Amino acid sequence: MSKDRDEFVLPFSLSVASVICQQALAESELEVKNRSEGLIICEEHVSFGFTNPARLEVILKVESSDSTRVIINGSNLGIGPIQSGHVRGKVEEIKNVILAEANEKGKAIDIQKTGQSQSSLASEIEKLSKLREQGIISEDEFKQAKAKLLGD
């Protein structure tokens, strides 16, 4: 079995980091298989090629009230440099998508704090609403993230 792991810290609370990771995974080509508090399990679609589908676990752990550690564990049922390179690539790809989503979220929060743009706030709430409609986040997660965006 080929495995890879990466971890990093997001400067957001657990609830906001969870939404960021869910949005990032929704935009990827991975299928979310299981989601619970602090854990998202997703898999690559089966395709014909030289590599076996990768399975990724995104684990979220509270570092402090305003930071969350993200751990990405990747694996597949293959051995050798091609399989391990594929898993490493998928872990890196998801890390980059999550960081890009976090960067956008950070910009939206900074803009909201300075009062320069209400449209980005509406856009973020709209994204949250779509995630809720798709069943990616629950009603409670939606309410928590929305309250966080609104500063409640």
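Please verify whether Phe12 is under 22 Å from Lys127 (Cβ atoms) and assigned to a loop (DSSP other than H, G, I, E, B), treating the condition exactly as stated. Judged against the criteria, Phe12 is a match. The set of residues in the stretch 28-39 that are at pLDDT below 90, part of a strand (DSSP E or B) and either within 15 Å of Val16 (Cα to Cα) or of a type outside the set (A, V, I, L, M, F, W, C) (or both) comprises Glu31, Lys33, Asn34, Arg35, Ser36. Given the criteria surrounded by 14 or more Cβ atoms within 10 Å (Cβ to Cβ), more than 22 Å from Phe142 (Cβ to Cβ) and among the hydroxyl-bearing types (Ser, Thr, Tyr), does Ser18 qualify? No: the conditions fail for Ser18. Taking first residues from the stretch 128-144 that are closer than 13 Å to Val16 by Cα and in contact (Cβ under 8 Å) with a residue 24 or more places away in the chain and partners that are in a helix (DSSP H, G or I) and among the aliphatic types (A, V, I, L, M), the Cβ contacts under 6 Å between residues at least 6 apart in sequence or on separate chains come to Leu128/Ala145; Ile137/Leu131. Of the residues making up the stretch 26-37, just one is surrounded by 15 or more Cβ atoms within 10 Å (Cβ to Cβ) and more than 19 Å from Ser129 (Cα to Cα), namely Leu30. Applying a threshold of 8 Å to beta carbon distances and a minimum spacing of six or more residues, or different chains, the list of pairs starting in the stretch 48-71 at a residue that is farther than 21 Å from Met1 by Cβ and ending at one that is among the aromatic types (Phe, Trp, Tyr) and exposed (fewer than 15 other Cβ atoms within 10 Å of the Cβ) reads Arg69/Phe8; Val70/Phe8.
The values are calculated or read from the model by the stated rules, or taken from the named source; none is laboratory data. All of these numbers come straight from a predicted model, not from anything done at the bench. Every residue, glycine among them, receives a Cβ derived from its backbone with ideal geometry; neighbour counts consider all protein chains shown.
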